[in-house]
Structure formats: structure tokens, C-alpha cells
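The values are calculated or read from the model by the stated rules, or taken from the named source; none is laboratory data. What you see is a predicted model; the values in this text were computed from it and never measured. Cβ: placed from backbone, ideal geometry, glycine included. Neighbour counts: every protein chain shown.
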Amino acid sequence: MGVEPGRLHFSWISSAESTKFVDVATKVIEEVRALGPAGQLAKTKAQVA
Amino acid sequence: MRFLKIAKDDWTRGVEDLKKSFRVFGPVKEKEAYDFRLLDKGVLPDFSFQNTRLSPKSTVYPQSEILFEYTLDESKADHHVHKVPEKDYSPRVILGIRPCDAKAFELVRLNFDTPEYKDPYWLSAYEATTKVGLACDDPCSTCFCTSAGSGPYDEAGLDVLLADRDDHFLAKVLTEKGEAFVSAAGWNTEAPDAEAGFEKLAAEAEGKVPGGVPTDKLADKETVALHGADFWEDVAFSCINCGTCTYLCPTCWCFDIQDEVKGAEGVRMRNWDSCMFPLFTLHGSGHNPRATKVDRVRQRFMHKLKYFVDRYGRGIQCVGCGRCVSSCPVNIDIRRVARLMNEFEPAPEKCPA
Amino acid sequence: MSDYTQKIRETAKKLLSEGKVDAVIGYREGTLPLMAEPCLVKDPEKVDQLVFNSFCGVNLANYLPKRKDRVAVVAKGCDSRNIALHIVENQVDRERLFVIGAPCTRMVDRRKVAAAVGGREISGVSEQDGKLTVSGPGYEQTVDKKDVLQDNCSICIHRNPVLADEMLGEKLPEQEADRYADVREVEAMSPEERFAHFKDLFSECIRCYACRNACPLCYCPTCFVDESKPQWVGKSIDPTDTMTFHFLRAFHCAGRCTDCGACERACPVGIKVRQLTRKLEKDCLGLFDWEAGMNPDVRPPLDTWRPEDPEEFIK
Amino acid sequence: MENPYFPYPVRIDSAVIETEDRNLKTFKLVFVNPEDEKKFAYRPGQFAELSVTGKGEIPIGIASSPTEPGFLMFTVNKVGVVSTALHNMQEGDIMGVRGPLGNWYPWEILEQGKNVVIIGGGFAFTTLRSSIVYMLDPKNREKFGDIHVIYGARSPGMLLYRDELMEWEKRDDIHMHITVDGTDDPDWKYNVGFVPTITEQKAPKADADTYAIVCGPPVMIKFTQPVLDKLGYAHDHIIMSLENRMKCGIGMCGRCNIGMEYVCKDGPVFTLEQLNRTPREY
């Protein structure tokens, strides 16, 4: 689709692994923040007449 | 009304001059097909088409159009109040519109310009538009304009009619808008003897249009009986309920209204809609008065060939352009359905024994 | 081909007059050259409208879900695979379905024929020995059928029905084909190039939903684009909304698409929508060794889980 | 050019839950710009598009009467995106009203001393309330003959405008026949039974000067019509108000048609005689 690398992340996290969830979520958020606002498939005002 | 001759080598210059005072729309070939586009500087309309894939209705009536803008930000004084965005209704010209498509605007106008209400978006765009027709000397096998109250040299809805004569165009200037158009283009070579030529060409072209789509008896049919005719199930079976026929049709005008909000800023817009879609008529309660495919297919044909006929007394809501015939993915053919409807006779009522 | 037509009529007449089925779904002669229209025949006296030729590209599996009656259906290889999927997904009852299998001689793309004759009007067409003779005002031209096949047919490797109650002919030899040349080209692009490529690909979409509605897989009672609570996708022709529709629709077909070509065939503006579905098909083949609809008893990979499923993408 | 899509800004003056299932709420709306009220001159039977900015519009019958100046009243059932959003709005919030739209009950005829039988069911009582208030107005009452009202709901708690119904019960210039499908309230002193049954028992016999206005869910209409036939009502004396999905409200967007008529513009009020001549796509 052409989604920028780094915006999609998969991990196995068990419901018992709360600290891992926090770590992964924090890491993904930091990485995505570093990429800045998404330029693709992010809708602004409808581009129509 | 007067006739002009426009030499092809003067055509290019004229079209460029037009762009100084008009937004010029014309057919261009993109990828595989012809469609109407706003022509940039230096781009000429490409007249080597039979007809465009999509009708030119979007030049006046865009598929998606913003009606209002508003803000939901309560710190602003005019929050939640609808405002019409600035629209460009400066003069525009559709160059090379086929006569059938031009006539279609006249039929659609009956919907948007009524004694009670005027649609300001459609009407402003329509009034800003000069329609310069390109007569049709080479009709498609799916054309049936002459059966649908139009024709390859029909002047209805046109301001100028052009006939392509190899090294020049003959132009028939029909209206004041047409006069303004030719003068903006600087075309002024009179061709007073062109009238007879036009008539001859028109007769020749009309002879080439496949005929035989009868519509003469539709007005006499009884609506409820025709609605209950037994052929609808067979007509509708193959339909997949896509919107191709309605979106390609120059005379289909139905639309949906939607709000879209991004952050605190929103728009109310309208989008083309289609009677083929179940959502078109679905009630909030879940009830759907046209719940089945048969209902919806019947609605499309009944609207075009019966309801419209009865409501306006202006013939059928179809100009015979043939787009729905040639683009239907499953080959549902309005010509066949028109024949079925026109020939329909209700079964005689059985006597109670 | 004409012997298929003859056999379809005979079978339909037999099934209807013996009361084995209530209706037969097949094709009838189109009103246009190069077209055939799906039709439903209930009366054994009316089976003579049924035909089979190179223009029967519509996938008749699309007409089966939600039917309550017993029907017979003419099925090419791809149609039969979609029927198998319908059976797996509980959309049709095998017991009430009679499949008339047609080893497929490949379908013709009418746009390619039109291009082959230089866009001239086509008023008639006949086919013989792998050639189409096309005629129109003032011309007659013969084209090789193999040059004007539907894109999916020219790379088809499963032309023979995977299930049938009666076959219209002997199984035909399958071909080897490189199915994914264009997909690999797209894969090789950088993300930016790929996004630009798709943006251009879908730029002409008019949201008519012909691709969705022609697809036998798209039988959801309410499609995600029609949901209002919540509204997932905008309704306008805004490029983001249009692309969202196409991407999500393709994903819904992952592991289910048989590449029957119905979507592309139906598109009124000629968008190559199969680029998306074939990428997913390629991945399903590579990751799960899976081809959709080959067996009515096996569930597709995306609605099953096995410990050995590949998971390299999970970090 | 007037823009028929432009909603007049209004402020929510009050929002009151109307029924025990809490799905119906009655809104009183006041125009933000007082001059808009003059432009919004309406007659009982008409409807308006309620516009929730950011969500969309819904067509709703006007429940107030032109004899009640200063506000507009609408009772809204919570079913979709817009009505749900509207239910969540607060007094003082700004929204929009577009209209008045559609035609009205045939007051030109009814005001010539005709007897009027109002038959309503469930939450389709909104424009009927408007009509009753209008007819009972001291300036108007003498223009009408006898007025009967047969109004039913599933249970006492589902009746709309209960306080007003009780007030009307006390009057002697209107015959009220309130009914519920069933109730376990031992103090319920009105009718129990479906609307068609009560109609058969209470409605006056037909004559040339008596008109029935029927408004309710499809099932009620389906079973009331044979009763009216039995009572001898001519089909041009049976007046119905239809609902269909609508967007524009002005006969342009194309979806609400029954045959050649648009419910939004040529209706919503039709006589049964007119409906007999159209496909029943409602």
C-alpha cells in the first residue's frame, strides 16, 4: 500500500505481560512520533469541489 | 442565429484566446478513454472521440461538492452556523459536448430549477456555462438519440453547434452566449451558405443512428399496472446493483448529503447517489421500501421511462447516449426494457367465477 | 463452444422437467457483441436462450447466496472455486445446488477486442478455432483470441471446475504461467513510489462499487463503506476515501479471492483492481501454500490458526 | 438566489424525555435570528429538516402549531446517527432547522365546517398534535365540525404529550379515544385495544363531511384501512401522512419518490385515493 515503514508493528504480548506491553507501546509511540504526522491515508478536509 | 467557418489552423489560436475569459472544459484522452477535463494552457480538446466515457455532467454538477462549511469551535462567534464556501462561477465553456449530452442538461434542469425551489449550486454553474456542441457524424452502435427526443445535430441546450469538416469547422451560433463565445475566440468568418450543408449533414447523421427504441406509448400506460408487470424479475436478474449506469448517465441527478468533520472544522457536502444502492431508500427503522434488486432496477427504468414522462410531459429522462448500455457489466439494456415497457399490456382481469 | 451450449440446454431441460431443480442460472446472448447476460430459467420450454461462449466472463457464483430454491448453475473453473468458498463460508447449501461444470476455454476482454480493431464500432463477432472474426461498418478483422483474453484468463492455472455434478466436457490441460510479474514490480517500489502508484491507479474511481458488487466474495449484508455507526470511510471521491475503500475491500478478499477477474471486468473506468487482490493471493500462496476455493472442506488460512503459521513480521 | 439547503440557526430551549423507554425526546427550538421565524411560516402537517452541525439532517414532522408562536417543537425518536447526536444535545446548544417542507393536511377543505377524525399510533402523533392544537385554538374551533381523536400506543408510558391528552379529555369540544395495547395499571381509565379495533368502535360513520387523518406505523395503517372501508369512508376522505428516507426535502435528491410523486415535496400528505394510483414504495 505504500504505508511508511515504522508505522506498523506486531508483537506477541500475553495478558500477563503488562510491563512488556508498556515497553512496546512506549517504544512504538516514540518511533512514530519521530516520524511525524502521517502524510498518507490521513484525511484532511475532503479534497473535492 | 448565424453561421461561421472556423479554419483548423485558426482553431488553436482561438481556443487559447478563449482561455483568457473562460474556463475551458473539453474532451481529452487519459489512459485509455476520453473524458471532459479543465484544459490547461496549451492543451487542445481532442475531438477524435465518439463519445466520452463519463458524461460531462460533472462540469456543472461535481460528483462530490461542498455545500456549506462550518466550525464547531465554540470560541468562534459563528460556531455551528453554515456558510457557503466561495465558488468559482466565472464563465466556463464545455467545448465539444455531444448534442445528446447537451440536451441532458435541459432535462436535469427540470429537477434543479423548479417553481418552488432553485438549487443555487447547480443553477449558478449551469448559468455560467456555455455549451459548444460537436455534431455527431459517426454515432455508436449503442446510440439511440433519435428515439429519445434528441439527435446527432440536435440544438437543444446548445449555444453553438460545430460540425467538423476536415480542414475547418462549421459553426452554427445559436444564442447570445454563443455570440459571446465566438467573439471571445475571435472567430468571425461568416458562412451564410452553410445552412443547407448543415441540414444535409444532419439528415445523413440521423440516418446512421440505430433506431427502433419505441417510447410512444409509455405515457398511456397505467403506472401501477406497469409497475406490477411480470417482466421485471427477468430484467433485473443479472443486475449486480452497482452504480455504473446511474453515474455514467448524463440525466441521472440523484444525490446524498453528508457531513464530514475533521477536528473542529466541518463541511456539509453532497455526493452523487444511485437508486441502485439499497442504502438510497433505507429507513432509520430498518424498513426499506425498495428492499430488493427487482425494486431498484424497476425504479431506475420506471423513473426514466414513466414517472418522468408523466411528471413533466417532456418525453423520457434519457437522451439515448448509450453509456449505460455499453458499460453495464452484465449487459442490462435500456433499449430492450423500453421496448418491453412500451409494448406492455396488462393481463385481462379474470372474471370472478 | 457450441457443444457446451447444446449440452447446457439439454442438462437444463432435463433438470427442470424432472423437477430436480427449480431454476437454472446460466448465460444468454447479450444485446451487444462480445457480451453475454446472466439469466435465470425456470421453464424447461425456455432453455434455448441459454448459451456459452467466450464472453461469459461474469462469475455466476455471485448469484447464489441467499437463494432459497434449488438451482443449477453453470460454473467455469473460477466460478466453481467461488462456489467451493461459498460452501465453506455457509453461503450456499451444497445439497440444493447442482453444478454444471464448464472446463473453461478462457474469456475475452471486450475492451481489448475494441483496441485490437482500433476502436472501430463492432457490430458482430464470431469465433472459430481460437480466432475471433470481428465485423463492423465497412470492415472485417480476425484477431487471435489469445491476444484479447481477460488478463486473469491469460494467466489462469485452474480452468477446470473443482467440483461439478455434471461436466460439459473433458478436463482441459492447465497451463504454466507467471502470475505475479506486475505484482513484483509494485513490490520493488519504494514506499513513496508505491503510494504514488496506487494513488494514480485509483484516481479515476467513481465509487460506483461495480468491483465490489460483481465480486462473489462481497456478500456482507452491510458493506463497511455503507456503515454509518461508526462511519469508517467517507462517501466522497476524496482520494483518501477512495483508496481506503479499495485497500480494505482487497484485504477482505485475502485468502478468498480466486482471481476470477469479475472486479476488473466490471469496472467502468478500467482500473486494474486485481493488482491488490493478486498481491494478497501471492502472499497466501507463499506464506500458507494456499490457493482459494480448491476444496470445499478446507477453511481459508485467515480464519484458522496453526502453530506453524509464519510470524516473522511479529517482533 | 435563496439557498434551500441553508438551515436557520436555532437554540435548543428545552429537551424533555417524552416516553418511558427514553427513546423519544421533545425539543423546543427558538430561532437565533427572530426574523427567521417569519420566514418559517408553516401549517400543520408540514415537516422540517433538523440539522445537527457535523452530523447531518433528519426530516421530522412539526409538532407545534402555528397558533403557538415563539418556538418550534419536534419529537424525535432515537434511531440513527443524527437523532442520537440530537438526543445528546443540551439546552442552549445551537443547531439548525430547514423548512417548512412538504404539504399539509387539507385545511382549505377541512376548515369549511368538516368533521375531522384523527387516528394516530405510537410516535407518529407529532403533526397530529399540531393539528389538534391548531383546530382547538379559539380562533379556529368554529371552522370545524366534530373532532374525534383515536390515539394509541403500546402502553400508557409510551403515549406522547400525556398532559395535553388529559387536558383534551376534559374538554367537551373534542372526543378523545385514547387507547393502549395493554397495561397493568389498575387506574387506567381509558381504552385498551389496538387502534383499528377502537376505530371500529368509536369512529363516527362516514359521510361527505367527515375526513379521517391516519398517521402511524405501517401495521396500524394496514389494519385500519379495512375498518375505514367498512365504516364507509371514501378513499378521497382518508388522508395519510407518509414517511420515506429523505435528504434534500425539496424534491431534488431523488430517493423518496412513490411513483412520480416525491414524498418530501408533493407529500408527505396524500389521500388514499392518490396512493391507490402509485406503487406502494413506502
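Considering only residues in the range B:23-69 that are at negative phi and of a type in the set (Lys, Arg), the one that is farthest from the other protein chains (Cβ to nearest Cβ) turns out to be B:Lys41. State whether one or more residues within the range B:195-205 are surrounded by fewer than 15 Cβ atoms within 10 Å (Cβ to Cβ), assigned to a loop (DSSP other than H, G, I, E, B), touching a residue at least 40 places away in the same chain (Cβ under 8 Å) and out of contact with any Gly (no Cβ under 9 Å at 6 or more places or on another chain). No, there is no match, as no residue in the range B:195-205 is surrounded by fewer than 15 Cβ atoms within 10 Å (Cβ to Cβ), assigned to a loop (DSSP other than H, G, I, E, B), touching a residue at least 40 places away in the same chain (Cβ under 8 Å) and out of contact with any Gly (no Cβ under 9 Å at 6 or more places or on another chain).
When residues in the range A:1-29 are screened for being assigned to a loop (DSSP other than H, G, I, E, B) and under 28 Å from A:Gln40 (Cβ atoms), 12 of them pass.
Would you confirm, using the coordinates I've provided, whether C:Ser228 is surrounded by 11 or more Cβ atoms within 10 Å (Cβ to Cβ), at pLDDT below 95, within 13 Å of chain A (Cβ to nearest Cβ) and outside any helix (DSSP H, G or I)? In short, no. For the range C:208-225, residues that are buried (at least 24 other Cβ atoms within 10 Å of the Cβ) and in a loop (DSSP other than H, G, I, E, B) total 5. Mind checking which residues of the range D:81-118 are within 30 Å of D:Val52 (Cα to Cα), in contact (Cβ under 8 Å) with a residue 60 or more places away in the chain and not in a strand (DSSP E or B)? Within the range D:81-118, D:Leu86, D:His87, D:Met89, D:Gln90, D:Glu91, D:Gly92, D:Asp93, D:Gly102, D:Asn103, D:Trp104, D:Tyr105 qualify. How many residues, within the range B:29-59, are touching a residue at least 24 places away in the same chain (Cβ under 8 Å) and within 14 Å of B:Thr12 (Cβ to Cβ)? Here the count works out to 6.
Among the residues of the range C:243-259, just one is β-branched (Val, Ile, Thr) and within 10 Å of another protein chain (Cβ to nearest Cβ), namely C:Thr244.
Scanning the range D:168-181 for residues that are surrounded by 13 or more Cβ atoms within 10 Å (Cβ to Cβ) and not in a strand (DSSP E or B) gives D:Trp168, D:Glu169, D:Ile174, D:Asp181. Scanning the range C:62-96 for residues that are part of a helix (DSSP H, G or I), within 13 Å of chain B (Cβ to nearest Cβ) and within 21 Å of C:Lys13 (Cβ to Cβ) returns a single hit, C:Tyr63. Could you tell me whether any residue of the range A:11-29 is touching a His at 6+ places or on another chain (Cβ under 7 Å) and modelled with pLDDT of 90 or more? Yes.
Name the residue, out of D:Val192, D:Val219, that is β-branched (Val, Ile, Thr), without any contact (Cβ under 8 Å) to a residue 24 or more places away in the chain and within 14 Å of chain B (Cβ to nearest Cβ).
Answer to the selection: D:Val219.
Does the range C:227-245 contain at least one residue that is in contact with a strand residue (DSSP E or B) (Cβ under 8 Å, 6 or more places away or on another chain) and of a type in the set (A, V, I, L, M)?
Yes, some residue in the range C:227-245 is in contact with a strand residue (DSSP E or B) (Cβ under 8 Å, 6 or more places away or on another chain) and of a type in the set (A, V, I, L, M).
Just one of the listed residues (C:Gly234, C:Gly270) is within 22 Å of the chain's Cα centre (by Cα) and assigned to a loop (DSSP other than H, G, I, E, B), and it is C:Gly270.
I'd like to know if the range B:266-286 contains one or more residues that are closer than 30 Å to C:Val233 by Cβ, of a type in the set (D, E, K, R) and without any contact (Cβ under 8 Å) to a residue 40 or more places away in the chain. The answer is yes, given that some residue of the range B:266-286 is closer than 30 Å to C:Val233 by Cβ, of a type in the set (D, E, K, R) and without any contact (Cβ under 8 Å) to a residue 40 or more places away in the chain.
Could you list, in sequence order, the residues of the range D:119-145 that are of a type in the set (Val, Ile, Thr) and either without any contact (Cβ under 8 Å) to a residue 60 or more places away in the chain or touching a strand residue (DSSP E or B) at 6+ places or on another chain (Cβ under 8 Å) (or both)?
Within the range D:119-145, the subset of a type in the set (Val, Ile, Thr) is D:119, D:126-127, D:132-133.
Once the filter is applied, which keeps residues that are of a type in the set (Val, Ile, Thr) and either without any contact (Cβ under 8 Å) to a residue 60 or more places away in the chain or touching a strand residue (DSSP E or B) at 6+ places or on another chain (Cβ under 8 Å) (or both), the range D:119-145 yields D:Ile119, D:Thr126, D:Thr127, D:Ile132.
Close contacts from the range C:12-41, counting a first residue that is closer than 16 Å to C:Phe52 by Cβ and more than 9 Å from chain B (Cβ to nearest Cβ) and a second that is of a type in the set (Lys, Arg) and outside any loop (DSSP other than H, G, I, E, B), with Cβ to Cβ under 8 Å and a gap of 6+ residues or different chains, come to C:Leu34/C:Arg110. Screening the range C:97-147 for strands (runs of 3 or more DSSP E) wholly inside it with 1 or more residues that are away from chain B (no Cβ under 14 Å) and in contact with a Gly (Cβ under 7 Å, 6 or more places away or on another chain) returns the ranges C:139-144. Residue pairs whose Cβ atoms lie under 6 Å apart, separated by 6 or more positions or on different chains, with the first residue in the range B:293-313 and under 15 Å from B:Asp234 (Cα atoms) and the second aliphatic (A, V, I, L, M) and outside any helix (DSSP H, G or I), are B:Arg296/B:Met276.
The C-beta contact set for the range D:5-18 (first residue more than 10 Å from every other protein chain (Cβ to nearest Cβ) and over 12 Å from D:Leu50 (Cα atoms), second residue among the aliphatic types (A, V, I, L, M) and buried (at least 21 other Cβ atoms within 10 Å of the Cβ), distance under 6 angstrom, 6+ apart or interchain) comprises D:Glu18/D:Leu24; D:Glu18/D:Leu160. Considering the conditions (1) in contact (Cβ under 8 Å) with a residue 60 or more places away in the chain; (2) touching a Phe, Trp or Tyr at 6+ places or on another chain (Cβ under 8 Å), B:Cys140 is excluded by exactly one of them, (2).
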